[in-house]
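The values are calculated or read from the model by the stated rules, or taken from the named source; none is laboratory data. Treat the numbers as computed from the prediction; the structure is a model and nothing was measured. Methodologically, a virtual Cβ is constructed for each residue, glycine included, from the backbone with ideal geometry; neighbour enumeration extends over all protein chains shown.
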Amino acid sequence: MSKLWGGRFTKSAEEWVDEFGASIGFDQELVQEDIEGSLAHVAMLAKCGIISDEEATKIKEGLQVLKQKAENGELEFSVAQEDIHLNLEKQLIDEIGPVGGKLHTGRSRNDQVATDMHLYLRNEAREIMVAVRALQEALTKQAADHVETLIPGYTHMQRAQPVSFAHHLLAYFWMLERDYGRLHDAGKRSNLSPLGAGALAGTTFPIDRTYSAELLGFDGIYENSLDAVSDRDFIVEFLSNASMLMMHLSRLCEELILWSSQEFQFIEMDDSFATGSSIMPQKKNPDMAELIRGKTGRVYGNLFSLLTTLKGLPLAYNKDMQEDKEGMFDTVKTVKGSLRIFAGMIETMTVNEGTMAKAVHEDFSNATELADYLATKGMPFREAHEVVGKLVLTAIERGVYLLDLKMEDYQGASELFAEDIYEVLQPHTVVARRNSAGGTGFDQVQSALEKANHILSTNK
């Protein structure tokens, strides 16, 4: 079978060479976008008088037939036609005759594929943003139930200060809010049309690029034809944003895995998101959380792969750029799947409030409260820090906690201590009093929940 571009050639490549160079094995993912771009292009050709209205109508009808076949899974793709563009063009010509060959007037596969990917990522980024919102909703629902549930807060994986469990969950809400914002902001730079830029230099036909851009819902056009066909910044930016998003998911996965372990027992994962062992009957493994943590690496890899591909490319299009798609498709699939799984894990997990409460009573995470107590009574904080450190050492040596020390122990350390110290040291009090803006105090957490729910209700 001769190539659609084969007029200049006297020799055909061997089949295995064709297979190596073909992209149809993966870029058929762009079939709907390719047809959508072609429909806009043919409408523009007719508007500009480059083809007749009758020709345009026939081509549109043919494209609609291909669109329906694609939706029904009835299209057959051939390595001989290399990519999604030539496969569809060949099938269009087979469907409506030689007039189908006029569709490619005033464009190149270079601007065509760039248009396809802009359309694809625009649609997928919006779906990912919806999935981010779904996970945020799951987090806020769990948080609403656990404003006054206490959990040890950690630094260096050592008990630091007790915090509201809702406060901990909402930290991830705000991380995801930044992820949502990055995906949204990227659209301001990427929603431009390369269609009509041609291979690299534009075209001699009197086309109207702005018209086709409007038909496709773009905010404008690339102002430079070389940039239009060679730009992959929008994919790099998406992969970067996706990597940041996956990093946030991976961090929460790590905590879910720890919290569900026998050593912590703070939560239990729902059976729907856990697996067993083929040899150890007692096991309940947090496999979905582990998989998301692991899949973060492949998303990072897709980002670095494309950056490496692009770093030495001269303008304009080079065949290397065929390598821009598989990582993009894989990242979209990975991120969407991870977000969907994650929302389910958060919605269905069981929070063991009693275990968490026991944990915050059996540590020294209220020690900072003692230092603050002395500081409010006039003792310099550095001096208070040393006094409290010695009290902690006394408790450790006795095998007790700060609430177990007697009043004479406290007054022996400083006359500033009074009976109210026992109320001050209660974990619930420790958390409730931290009402600085953005803190873990219950009033602050409730305010943060209200802000989060307002965002979710007004910015879907």
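Considered as a group, the residues in the range 307-324 that are of a type in the set (A, V, I, L, M, F, W, C) and touching a Lys or Arg at 6+ places or on another chain (Cβ under 7 Å) include one that is nearest to Met247 (Cα to Cα), and that residue is Leu310.
I need a count of the residues in the range 190-215 that are in a loop (DSSP other than H, G, I, E, B) and under 19 Å from Asn123 (Cβ atoms). Quick ask: steps written out before the conclusion?
Of the residues in the range 190-215, the ones in a loop (DSSP other than H, G, I, E, B) are 191, 194-208.
Those left that are additionally under 19 Å from Asn123 (Cβ atoms): 191, 194-195.
Within the range 190-215, residues that are in a loop (DSSP other than H, G, I, E, B) and under 19 Å from Asn123 (Cβ atoms) number 3.
As for the range 112-126, it holds at least one residue that is crowded, with 22+ Cβ neighbours inside 10 Å and over 26 Å from the mean Cα position of the chain (by Cα).
Name the single residue that is surrounded by the fewest Cβ atoms within 10 Å (Cβ to Cβ) among those in the range 49-63 being part of a helix (DSSP H, G or I) and touching a residue at least 12 places away in the same chain (Cβ under 8 Å). Step through it out loud before you land on a result.
Going through the range 49-63, the residues part of a helix (DSSP H, G or I) turn out to be 53-63.
Now restrict to residues that are touching a residue at least 12 places away in the same chain (Cβ under 8 Å): 55-56, 58-63.
Working: Glu55: 18, Ala56: 21, Lys58: 19, Ile59: 26, Lys60: 17, Glu61: 11, Gly62: 23, Leu63: 23.
The extreme case among them is Glu61.
How many of the residues in the range 216-235 are buried (at least 18 other Cβ atoms within 10 Å of the Cβ) and either modelled with pLDDT under 95 or not in a loop (DSSP other than H, G, I, E, B) (or both)? Walk me through how you get there before you give the answer.
So in the range 216-235, the residues buried (at least 18 other Cβ atoms within 10 Å of the Cβ) come out as 216, 218, 221-222, 225, 228-232, 234-235.
Still in the running and either modelled with pLDDT under 95 or not in a loop (DSSP other than H, G, I, E, B) (or both): 221, 225, 228-230, 234-235.
So the answer is 7.
With respect to the conditions (1) out of contact with any Phe, Trp or Tyr (no Cβ under 7 Å at 6 or more places or on another chain); (2) under 20 Å from Pro162 (Cα atoms); (3) crowded, with 16+ Cβ neighbours inside 10 Å, Ala371 lacks only one, and its number is (1).
Residue-by-condition table, conditions (1) surrounded by fewer than 22 Cβ atoms within 10 Å (Cβ to Cβ); (2) assigned to a loop (DSSP other than H, G, I, E, B); (3) modelled with pLDDT of 95 or more:
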{"position": "Asn241", "(1), (2), (3)": "no, no, yes"}
{"position": "Arg251", "(1), (2), (3)": "yes, no, yes"}
{"position": "Ser277", "(1), (2), (3)": "yes, yes, no"}
{"position": "Lys283", "(1), (2), (3)": "yes, yes, no"}
{"position": "Gly294", "(1), (2), (3)": "yes, no, yes"}
{"position": "Leu306", "(1), (2), (3)": "no, no, yes"}
{"position": "Phe329", "(1), (2), (3)": "yes, no, yes"}
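State whether the residues of the range 204-216 include one that is farther than 12 Å from Asp111 by Cβ and in contact with a strand residue (DSSP E or B) (Cβ under 8 Å, 6 or more places away or on another chain). So far as the range 204-216 goes, yes, one or more of its residues are farther than 12 Å from Asp111 by Cβ and in contact with a strand residue (DSSP E or B) (Cβ under 8 Å, 6 or more places away or on another chain). If you take the residues of the range 425-460 that are in contact with a Lys or Arg (Cβ under 8 Å, 6 or more places away or on another chain) and surrounded by 14 or more Cβ atoms within 10 Å (Cβ to Cβ), which of them is nearest to Ala138 (Cα to Cα)? By that ranking, first place goes to Leu456. Condition check for Met269 on (1) within 30 Å of Lys311 (Cα to Cα); (2) in contact with a Pro (Cβ under 9 Å, 6 or more places away or on another chain); (3) assigned by TED's automatic domain parsing to the domain that holds Ile151: one failure, at (1).
Rundown of residues vs (1) assigned to a helix (DSSP H, G or I); (2) exposed (fewer than 14 other Cβ atoms within 10 Å of the Cβ); (3) aromatic (Phe, Trp, Tyr); (4) in the same structural domain as His167 (by TED's automatic domain parsing), yes/no style:
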position: Ala375; (1), (2), (3), (4): yes, no, no, no
position: Met379; (1), (2), (3), (4): no, no, no, no
position: Ala384; (1), (2), (3), (4): yes, no, no, no
position: Ala418; (1), (2), (3), (4): no, yes, no, no
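Leu315 passes every criterion in (1) part of a helix (DSSP H, G or I); (2) in contact with a Leu (Cβ under 6 Å, 6 or more places away or on another chain) apart from (1).
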